[in-house]
Every structure is written in structure tokens, then in C-alpha cells.
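Working notes for the structure below.
The values are calculated or read from the model by the stated rules, or taken from the named source; none is laboratory data. In this text, all values refer to a predicted model and were calculated from it rather than measured experimentally. Here the Cβ is made from the backbone with ideal geometry for all residues, glycine too, and neighbour counts use every protein chain on show. The area values use the complete protein model at the heavy-atom level, side chains included, leaving out ligands, DNA and RNA. Shrake-Rupley method; radii C 1.70, N 1.55, O 1.52, S 1.80 Å.
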Amino acid sequence: MFFTEAFDEFVEKIPREEMICKNLSVKPDEKFYSEVVRYLGYKNNAKVTPEIDSLIQKGIAEVCITAEPRAMCRCFSVRNSSLLEGFDEMPSENFEKICNLPLHRYELIILMGATLGVTVDRLLKRTQVRNMTYALILDSCATAAIESVCDNLQDSLTAIYADRSMYITNRYSPGYGNLPLSFQTRLLFLLDAERKIGLNVTKDFLLTPTKSVTAIIGVSPFQQKNERIPCSACKMCNVCNFRRMEAL
């Protein structure tokens, strides 16, 4: 519970700002398609057959029509650096090295949550009964869709804070590096996400609806590099089926 207790000490109790987005849409592009292919496990520039390509195009269209994306974020002011105390005792790599988010260097912290809604979960369950091949493709399309929603929200935050001469970091989600998956519960509580966008967490710290994401973002008056953290930096790189090509 160290992370949760320290986080409570690290941020102000009262959020400075809140943004809720309910009228969102998923707009697929070339990157969207390539991410679907990656989630399907294609590696080493393996070619997608015409039959699979047709199912991917169908899946992208169906997910985009079915999804009811909602997203929100809350901005907290940083008070002290107590969050970082004790990370050397945690069992994986150094927090700052892995997440590129040395929180004591930032003035603000943004907590965000996003979901495609229960309609996509229902679509996936119906399809699993009828056609498991297409259900797998739909699942990959939905994963790419929620990441696209998060990318769009992050782009909006970048523009908002640029107008204030401030800069944001990449987003960093529970379950990555030293940030425990159990932090989902506290993060959703701080967001009040269940009431505001229908985002919940199970006793095993999994998000529902399943195609959902939570994350932490830092805000600084200094420009950030925001280089995408390579898959090779992750300790699971050698066994992960979803690692990007540069990690192979």
C-alpha cells in the first residue's frame, strides 16, 4: 500500500481542474491499422492476407460505430516529493528510469481515465459465441481504439498546456514498471470515474468496461523530450507477444 499512501501525501486533496469528454468518436488512420496488426501478433513484416485484411477493415468499422468513448482527467498540484521515497526497495527497475516521470520535478499531475463503454464489451461477447477468429480481430481493433482515444486526449492536453507555456509528459499507466496495478482503485477514486464516465475496477484491479485505460501525466514549465519508451526498456520484452519491431 506504500504507493497509495505516498500518493495521497504527494498531491493536493482538491483538484485544480477537471475535464470530462463524453461526445467522442474514434477516427482510424494508418497508425490505427498498424496497431491492430501488431495486437494480432504479426511480426517481422509478415504480410496480412486479403481475407484477414477484409476482416480487420470490417472490425475497425464495427468498433468505431459501436464504441461510446468517454474520457476524463483531473489536475492536481504537487506538494512534495514523498512519493519517490522507498522506490529503491521495490522489486523492479527504478521508478524514474522506467516511467520517465520524476514527479518531484513537476508542478502539476494529471490523472486520466478513458473507456470505450459497455457497448464494445457486449459486441465482443456476442462475436465470441459466433466466430472466434473475428472476435480476436475485433478485440485487437477495440484495443487500438481505446489507445487512439487516449492519444487524442493527450494531444488535447498538450495544446491546452502549451497555451499556458507548460508541457506534459507521456502517459504512464498502472501495471507498468514499478507502478502497481493495485493503484487502479485509488486512481479511479480520485477521478470519481465510476460516477462520471462509468469506469470501474474489479477486486483483481482490472478495469471494467474491459477496453479502458487509466494513466498519470506530469506537467512542467520545461519542455519535455517525450520520446516513446522502447519495448526494449521493459523487463518483459523477451516474452511479450506485443512488443514492437525495434525490440526484436
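Considering the range 161-176, the residues that are in contact (Cβ under 8 Å) with a residue 12 or more places away in the chain and hydrophobic (A, V, I, L, M, F, W, C) include one that is surrounded by the most Cβ atoms within 10 Å (Cβ to Cβ), namely Ile168.
So which residues in the range 35-56 are within 13 Å of Thr143 (Cβ to Cβ) and not hydrophobic (A, V, I, L, M, F, W, C), if there are any at all? Working first, answer last.
Our first condition is that a residue be within 13 Å of Thr143 (Cβ to Cβ); within the range 35-56, this holds for 35-41, 56.
Result: Glu35, Arg38, Tyr39, Gly41.
Looking only at residues in the range 35-76 that are among the small types (Gly, Ala, Ser) and open to solvent by less than 60 Å² (accessible area, probe 1.4 Å), which one is nearest to the chain's Cα centre (by Cα)? Per the stated criteria, the residue is Ala71.
Does Ile60 meet the test of being hydrophobic (A, V, I, L, M, F, W, C), assigned to a helix (DSSP H, G or I) and either more than 23 Å from Ser156 (Cβ to Cβ) or modelled with pLDDT under 90 (or both)? Give the steps one after another, and end with the answer.
On the way: hydrophobic (A, V, I, L, M, F, W, C): yes; assigned to a helix (DSSP H, G or I): yes; either more than 23 Å from Ser156 (Cβ to Cβ) or modelled with pLDDT under 90 (or both): no.
So Ile60 does not fit the description; no.
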